[in-house]
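The values are calculated or read from the model by the stated rules, or taken from the named source; none is laboratory data. The structure presented is a predicted model; accordingly, all values stated were derived computationally and were not measured. All Cβ positions, glycine included, derive from the backbone under ideal geometry; neighbour counts span all protein chains shown. Ligands, DNA and RNA are stripped out before the accessible areas are found, and what is left, the full protein with its side chains, is counted by its heavy atoms. Shrake-Rupley method; radii C 1.70, N 1.55, O 1.52, S 1.80 Å.
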Amino acid sequence: MLAPQRKAAQTVVGVGDLQLAGPGGVLVTHGLGSCIAVCVLLPGIGWGALLHYMLPSSKIDANRAARQPALFSDTGIAALFGELAKRGRIDQPIIKIVGGASTGLAVGLDMGKRNVLAARKQLWHRGFAVAAEEVEGNISRTVHFEVSTGRVRISTPNQPERVL
Amino acid sequence: MSPPNVQSLVDGVAPPPVTLAPLSMVLADERPQAHRLEEVVRQDPGLMVRLLAVANSAAYGRGESITDVRRAIVRLGVREACKLAMALSSGFLADPLTLYGGTPWRSALYTAVVAEKVGRALNVRNVGSLYTAGLLCDVGKLAVEAAGRELAADPAVSSFLEIERSAVGADHAQLSAALLHKWGLPAELVDLVAHHHNPLKSKNPRACTALHLADAIVRQVVCEGDDALQYPVQRAVARGLGLKPDEIDRALLEANDFFQSIDEVM
């Protein structure tokens with residue numbers, strides 16, 4: 001008789017939140033609009049992290065960023081790599097980004113576009129490339145990041161699931 | 001399609017707390033009066049308890065614990081206390097909407113805060129009404145939900161308003177306005193809410209444009225319902241009316257903090 005399959009442990013990541021998971025873990029974030037989910041896997045040690053940030057820059061409120069760095073792109077991505085570095089060396093991370101949707105506002109008020117640019121800038125400054133992305137458009141997205149495989153499953157109401 | 005029977009649709013929605021309409025009138029005053037606010041809050045013991053909880057919370061509480069509504073209003077400031085009391089009276093928006101997905105709760109609080117901020121930036125008079133309009137502009141979705149007819153997604157349709165009209169004969173903006181009218185809220189608010197997706201038809205297009213823009217900004221960020229990104233933005237408004245990105249970021253941050261302080265005590 002086969003042993004019953006164990007369901008992977010799921011951790012929900014809220015808005016302005018950062019969570020880590022080891023092998024077998026699944027990090028989930030719901031209702032991504034203009035926010036960005038940054039999914040990072042360290043293949044050497046099997047740990048992954050998911051950051052769900054809301055705003056492109058912490059410059060508007062440094063005190064707030066100190067209390068909740070994951071609200072912002074710059075402090076959130078720094079915190080993400082800081083936390084992963086506690087688990088092992090940051091070596092060839094696999095990075096995938098999802099989100100950045102828009103309601104059609106002009107560039108300055110298009111939170112999605114500004115958030116996508118902010119993610120790319122922060123990663124580029126660290127010398128990291130984005131391995132895969134599904135960004136912009138006018139759809140909401142729910143993300144399941146499977147740490148064991150590095151797969152990022154994206155679901156949207158009334159649309160087929162996509163995998164990065 | 002038969003003509004929309006808006007009245008029968010809104011009759012399917014449970015009445016709100018008795019404090020909602022009087023609070024909206026206190027907040028509509030450019031200088032809300034503390035004694036009027038206190039009178040209204042004292043009508044609802046549940047609201048009183050929740051307002052005291054916010055006044056004593058980490059976000060607002062400084063010094064000794066407060067057990068009296070008058071002192072809570074002093075600590076919070078009259079306008080802020082009034083806005084908090086309105087939000088705390090709108091817990092009926094936290095029920096899940098099965099037809100849309102999610103709940104309108106978070107987006108309602110965000111839109112209220114951002115609408116007030118955008119209104120100030122655009123020199124709109126009486127931003128208190130904009131706060132209330134932002135809070136309640138999607139309440140009509142409760143009437144669509146109560147009708148229980150499926151909202152069939154249609155890729156050929158550019159606006160979710162059309163999907164609502166096909167399903168129940170009226171869109172949520174019309175239904176929100178009918179509900180606010182039924183609940184005795186001021187006519188100015190009814191007009192703003194009725195036209196929040198088509199602001200140039202409002203009797204107060206400047207204020208309604210601020211509401212329309214705030215709604216578009218918030219729907220990007222708070223993307224809970226399947227419909228969140230499916231309403232068009234007026235072309236002239238989409239350019240942002242001179243608002244700066246930092247102003248929007250600050251408004252969203254404030255909305256996030258406001259939501260957290262309310263959600264903690266609900």
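Which residues, taken from the range B:1-49, are closer than 15 Å to B:Ile73 by Cβ and of a type in the set (Ser, Thr, Tyr)? Correct list: B:Thr19 only.
Considering only residues in the range B:200-243 that are facing chain A (nearest Cβ under 7 Å) and free of Cβ contacts under 8 Å to residues at least 40 places away in the same chain, the one that is surrounded by the fewest Cβ atoms within 10 Å (Cβ to Cβ) turns out to be B:Arg239.
The criterion of at least 1 residues that are within 14 Å of chain B (Cβ to nearest Cβ), open to solvent by 20 Å² or more (accessible area, probe 1.4 Å) and under 20 Å from A:Gly16 (Cα atoms) is met, among strands (runs of 3 or more DSSP E) falling completely within the range A:80-151, by A:132-135, A:141-146. Of all the criteria given as (1) at pLDDT 95 or above; (2) farther than 16 Å from A:Ile95 by Cα; (3) not acidic (Asp, Glu), the one not satisfied by A:Leu27 is (2). Taking strands (runs of 3 or more DSSP E) as the structural unit, those lying wholly within the range A:24-65 and holding at least 1 residues that are in contact with a strand residue (DSSP E or B) (Cβ under 9 Å, 6 or more places away or on another chain), open to solvent by 30 Å² or more (accessible area, probe 1.4 Å) and under 17 Å from A:Ala101 (Cα atoms) correspond to A:26-32.
Restricting to the range A:44-73, what's the tally of residues that are within 13 Å of the chain's Cα centre (by Cα) and more than 10 Å from every other protein chain (Cβ to nearest Cβ)? Adding up the residues that qualify gives 8. Per the listing B:Glu188, B:Glu164, B:Glu254, the residue uniquely of a type in the set (D, E, K, R), within 14 Å of chain A (Cβ to nearest Cβ) and either open to solvent by less than 10 Å² (accessible area, probe 1.4 Å) or in contact (Cβ under 8 Å) with a residue 12 or more places away in the chain (or both) is B:Glu254. The set of residues from the range B:144-165 being among the acidic types (Asp, Glu) and closer than 11 Å to B:Tyr100 by Cα comprises B:Glu145, B:Glu150, B:Glu164. Of the residues examined, A:Asp17 is one that is surrounded by fewer than 23 Cβ atoms within 10 Å (Cβ to Cβ), more than 10 Å from chain B (Cβ to nearest Cβ) and under 12 Å from the mean Cα position of the chain (by Cα). Scanning the range B:112-161 for residues that are open to solvent by 60 Å² or more (accessible area, probe 1.4 Å), in contact with a Lys or Arg (Cβ under 9 Å, 6 or more places away or on another chain) and in a loop (DSSP other than H, G, I, E, B) yields B:Asn123, B:Arg125.
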